[in-house]
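Down below is the structure, laid out as structure tokens.
Please treat every number below as a calculation from the coordinates, not as lab data. Predicted model only: the values in this text are computed from it and were never measured. Cβ atoms come from the backbone with ideal geometry, glycine included; neighbour counts cover every protein chain shown.
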Amino acid sequence: MTEAKYRRKLPQLNGHRLLTDSGMETTLVFHDGYDLPHFAAFDLLRSRKGTKWLKDYYCHHIRLAVEQGYGFALETPTWRANPDWADLMGYSPDALQAIYRDAAEMMFDLRKAHEQPGLPIVISGNIGPRGDGYSVSDKMSAAEAKAYHQTQIAAHAATGIDIVSAFTINYAEEAEGIVQAAHAEGVPATISFTLETDGRLPSGQSLEEAIIQLDAKSDTRPAYFMLNCVHPDHFQDVIARGGNWTRRIRGLRANASRMSHAELDNCETLDDGDPVELGNQYRALLELMPNLSVFGGCCGTDHRHVCAIGYSCGHQAAA
């Protein structure tokens, strides 16, 4: 096990701003022509070609961050690497454990090669929802979610990653279980909710209610919250009307497209939006959410969007 470098003092909570990557899966499918079963990028680790693609992808984004004076949040490519999805792809439990280790080792190698003084690279064990991130089905209780996610969180924690990040979470109880499991394994967790076009979780709960619900568990509250797989147009008004709860949101990985989740699911071409416009929208959101400290992209975004986001948010900070 590699000793966790930032687990007890996360730079994004201590004055550092970090860039992160973009829409890995949509880049693989629409730009590079990969047949990605179940949208599972971790499957690339099975081949040299796939592993090289991942390394090149991360390196490109890290270089952008360094050029703009940001640290970086390295997310393992394991969003789909939970038991249910892995079983559909023929992975045994032992093979899945190997994926967690191989993904973390790649991250450690990248950090060793690219980290610079004052520009920390934080390594995150990335997990996703048990089911479809766009819809709530087979809803679990918090206790059930903890039991389900515990094994993969324990595996991530054992590698020495700094934090566990749960993305595209669509109802509060699964989020609660994830945070409880992370707490039991001694690793901080961030929860990234996805939202519909009305600014509410796919479960119908408001973002405010979901954040307050999780923060009410004072002994196991998330390190911070994020939003992903949603366009700024869909939640900016919600944030503008918000209160102190909005200060708990420290990360944003928005979609390039204004499409709804249902429209994205049925889209056969990539809507990559306008990178400069998206960067300007991040800058406007940073004025509403001054605690934002992790900036990246989700569906439809690539290095162009991250570059524009980094420039806009860095320029705002210097103004």
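Things worth noting here:
- Eligible aspartates and glutamates near Lys146 by straight Cα distance, threshold 20 Å, same-chain separation 8 or greater: Asp84, Asp87, Asp132, Asp138, Asp162, Glu173, Glu174, Glu176, Glu185, Asp215, Asp219
- Length added when fully stretched, Val29-Ala284, from 0.36 nm per residue minus Cα-Cα: 88.8 nm
- 33 Å tail of the calculated P(r), the chain, as % of Cα pairs: 15 percent
- Each DSSP beta bridge with both residues in the chain is either parallel or antiparallel, and the antiparallel ones are about 5%.
- By the rule of a C-alpha distance below 24 Å, with chain neighbours fewer than 8 residues away ignored, the lysines paired with Lys139 are Lys217.
- Principal axis box of segment 1-132, alpha-carbon based, largest edge first, Å: 42, 32, 27
- Net lengthening on full extension, Asp271/Asp84 (0.36 nm per residue, minus Cα-Cα): 64.4 nm
- For a straight C-alpha distance cut-off of 24 angstrom, the lysines reachable from Lys5 (same-chain residues fewer than eight places away being disregarded) are Lys55, Lys112.
- Euclidean distance between Cα centres, segment 274-293 to segment 105-123, Å: 25 Å
- With Cα atoms defining each centre, segment 64-100 and segment 158-202 are spaced 15 Å apart in the structure.
- Charge dipole (Cα centre; +1 on Lys/Arg Cβ, -1 on Asp/Glu Cβ; no other charges) of segment 66-211 amounts to roughly 240 debye.
- Contact order normalised by residue count of the chain, Cα under 8 Å, 6+ apart, percent: 20 percent
- Taking 0.36 nm per residue of separation and subtracting the Cα-Cα distance, full extension of the segment from Asp233 to Lys55 would add 60.8 nm.
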